[in-house]
Ligand code: CP
Ligand code: NVA
């Protein structure tokens, strides 16, 4: 069966660990990167803007010897010029991987239903699994291990939070999520993460979440596609900014993480994201290293 990566729980703990092991090894020794995509192409389709995801997937494909093909939705016009299924079939007739950033997660499922090459989720309304791989890699690099580490996610229970919950569950990381009323992680995500073995805690106070945390993590209050909710979200999240006082309430050696793009003065104060505890640029760079080892896992590379 063709492996896909629509959410982190498409992996199991063993594959997840191997992807992270490979990412660490190839980051340290680029000469050891296998030419897993030599002579092959990967289509990278975007319905939303991107800086890190586009660059990381293109570089991951290129460093595996493959050819990344960036396609904007404005060009293929999913379900207007041609159906999602026909675009996917076309890509599969010439490429070895389809990677896509979409509004509706169901679009990825429609692609999976008609192609026999791996489909990779580059962010949907419900999940951002490639981000979660880079997040785990960054925590592991910083602390030397994952098992038993504690992440406090403070903010919107969105796509990034959901994938982080599954990633934490599969890697033995404790996760506390604090969100304002009405913006909590979806109940089905919490149930699924708990079924995977996670003891994810849901809290209503950021200070409760960060106590004892090794990592304080946040994301934007208004995700792409939610722009019309911006004013109501600004009101709901008022007072939820991660500032120096909140960081002080975490462990003494705690790090600050953010998937980016960030809005200084909204979800995070400049003094935190630009301060000594922030690892956001290491985290951004790790998007490429983790995407590369994910692709090798998915395309097989003779293993
Ligand atoms: N973190 C992330 O996915 O960034 P982009 O939206 O810039 O790709
Ligand atoms: N939650 C954000 C993440 C951006 C990388 C969004 O979906 O816009």
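Readers should treat all values here as calculations from the given coordinates under stated rules, not as data from a laboratory. All values derive from a computational prediction rather than experimental measurement. All Cβ positions, even for glycine, are placed from backbone atoms using ideal geometry, and neighbour counts span all protein chains on display.
From the Cα trace of the range 256-303, what convex hull volume per residue do you get, rounded to a whole Å³?
Normalising the Cα hull of the range 256-303 by residue number yields 74 Å³.
Please sort 88-96, 122-130 by packing, taking for each peptide the average over its residues of neighbouring beta carbons within 10 angstrom, highest first.
Answer by packing, highest mean first, reads 122-130, 88-96.
Could you grab the Rg to Rh ratio for the range 1-145? Cα atoms only, Kirkwood for Rh.
Taking Rg over the Kirkwood Rh, I get 0.96.
Going 7 Å from the Cα of residue 89 toward and past its Cβ, which residues in the range 18-53 have a backbone nitrogen under 19 Å from where you end up?
Output list for this probe position: 43.
Just grab the label-to-label distance for residue 235 and residue 202, each label 7 Å out from Cα along the Cβ direction, in nm (one decimal).
Taking the simple label geometry, residue 235 and residue 202 are separated by 2.3 nm.
So what are the radius of gyration and Dmax for the Cα set of the range 35-104, in Å?
12.0, 37
Per the Debye formula with a single identical scatterer at each Cα and no solvent contribution, what log10 I(q)/I(0) holds for the range 101-198 at q = 0.10, 0.19, 0.22 Å⁻¹?
Scattering profile of the range 101-198, log10 relative to I(0): -0.29, -0.95, -1.16.
Looking at the chain, what % of its DSSP beta bridges pair antiparallel, to the nearest 5?
Restricted to the chain, the bridges split so that about 0 percent are antiparallel.
What's the exposure ranking of 255, 69, going from fewest to most Cβ atoms within 10 Å?
69, 255
Over the range 159-303, with a single point scatterer placed on each C-alpha, what log10 of the ratio I(q)/I(0) does the Debye formula yield at q = 0.18, 0.21 1/Å?
After summing over all Cα pairs, the log10 values are -1.19, -1.49.
How would 221, 281 line up from fewest to most surrounding beta-carbon atoms within 10 angstrom?
281, 221
What distance in nm separates the two pseudo spin-label positions at residue 181 and residue 243, each 7 Å out from Cα along the beta-carbon direction?
2.3
Divide, for the range 1-85, the radius of gyration over alpha carbons by 2.2 N^0.38 Å, where N is the residue count.
Relative to the 2.2 N^0.38 Å estimate, the range 1-85 comes out at 1.28.
Mind checking which of 226, 283, 47 has the largest fluctuation in a GNM of the chain, springs on alpha carbons under 10 Å?
226
When only alpha-carbon atoms count, how far does the range 115-157 stretch along each of its three principal axes, as whole angstroms with the largest first?
39, 25, 14
How far is helix 280-299 tilted, in degrees, relative to the longest principal axis of the Cα atoms in the chain, given as a value from 0 to 90 rounded to the nearest 10?
With rounding to tens, the tilt is 40 degrees.
Based on Cα coordinates alone, diagonalise the gyration tensor for the chain, multiply each eigenvalue by 5, take square roots, and list the semi-axes in whole Å, largest first.
With the √(5λ) rule applied to the chain, the semi-axes are 31, 22, 17 Å.
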